Amino acid sequence: MERILVVSTPKSGLGGLRLNESAVEVPWVKDYDAIEGEGPTRWPKRFDVSHWGLLAAFDAGKRIGGAVIAFNTTGLQMLEGRRDTAILWDIRVQPDKRSAGVGTALFRAGETWCRQRGCRTLMIETQNINVPACHFSVRMGCRLGAINRKAHPNLPNEAQLLWFKQL
């Protein structure tokens, strides 16, 4: 990570929160799969994934990307028990295939998958340290709906950002 979105509040008034992009002093790589309980192979141990959608992108028979959509999952607090909302739980594109439309194609396929199940909203959860994911969410027509600075108590410098796309 080379950049971060810093959450700030105006000095006075009801101006709301702001996200200001800035460079970090020491760039780093965050491996989400290395965090205990966070890798894809661990999800079925934490959640009932029987209603989740799995999408894959291929080039010449080789998988180059994928997306996972969480839907109708008891105990997944972000869904609040709603069946008209799904979460783009994970989206990945092989680094050498990025900026070639693969992520966009996966996102659009995810929108279709959600609509077919009666969803009216697609939610995307990311953190302020994942600036490319935030920019991608905006390009896909999502709007920032919530900022939670305390969502990750073990990672005090990270704020959870929830993006929403009306379907």
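The numbered conditions (1) hydrophobic (A, V, I, L, M, F, W, C); (2) closer than 18 Å to GLU38 by Cβ; (3) part of a helix (DSSP H, G or I); (4) in contact with a helix residue (DSSP H, G or I) (Cβ under 8 Å, 6 or more places away or on another chain) are all true for VAL68 except (3). The residues of segment 149-167 that are without any contact (Cβ under 8 Å) to a residue 60 or more places away in the chain, outside any loop (DSSP other than H, G, I, E, B) and surrounded by 13 or more Cβ atoms within 10 Å (Cβ to Cβ), listed by number, are GLN160, TRP163, PHE164, LYS165. Among residues of segment 77-92 that are touching a residue at least 60 places away in the same chain (Cβ under 8 Å) and under 28 Å from LYS30 (Cα atoms), those with a Cβ under 9 angstrom from a residue that is hydrophobic (A, V, I, L, M, F, W, C) and assigned to a strand (DSSP E or B), sequence gap 6+ or separate chain, pair up as MET78/ALA70; MET78/ILE87; MET78/MET123; MET78/LEU162. For segment 100-111, state whether one or more residues are in contact with a His (Cβ under 9 Å, 6 or more places away or on another chain) and small (Gly, Ala, Ser). Taking every residue of segment 100-111 in turn, none turns out to be in contact with a His (Cβ under 9 Å, 6 or more places away or on another chain) and small (Gly, Ala, Ser). Scanning segment 83-110 for residues that are within 16 Å of TRP163 (Cβ to Cβ) and either part of a helix (DSSP H, G or I) or in contact with a Pro (Cβ under 6 Å, 6 or more places away or on another chain) (or both) turns up GLY103, THR104, LEU106, PHE107, ARG108, GLY110.
Checked against (1) loosely packed, with under 13 Cβ neighbours inside 10 Å; (2) among the charged types (D, E, K, R); (3) within 30 Å of ARG3 (Cβ to Cβ), GLU80 passes all but condition (3). Per the conditions (1) closer than 21 Å to GLN160 by Cβ; (2) out of contact with any Pro (no Cβ under 6 Å at 6 or more places or on another chain); (3) modelled with pLDDT under 95, the sole criterion not satisfied by GLU2 is (2).
The values are calculated or read from the model by the stated rules, or taken from the named source; none is laboratory data. Quantities reported herein were computed from a predicted structural model and do not represent experimental measurements. Cβ coordinates were reconstructed from backbone atoms using ideal geometry, including for glycine residues, and neighbour counts include every protein chain displayed.
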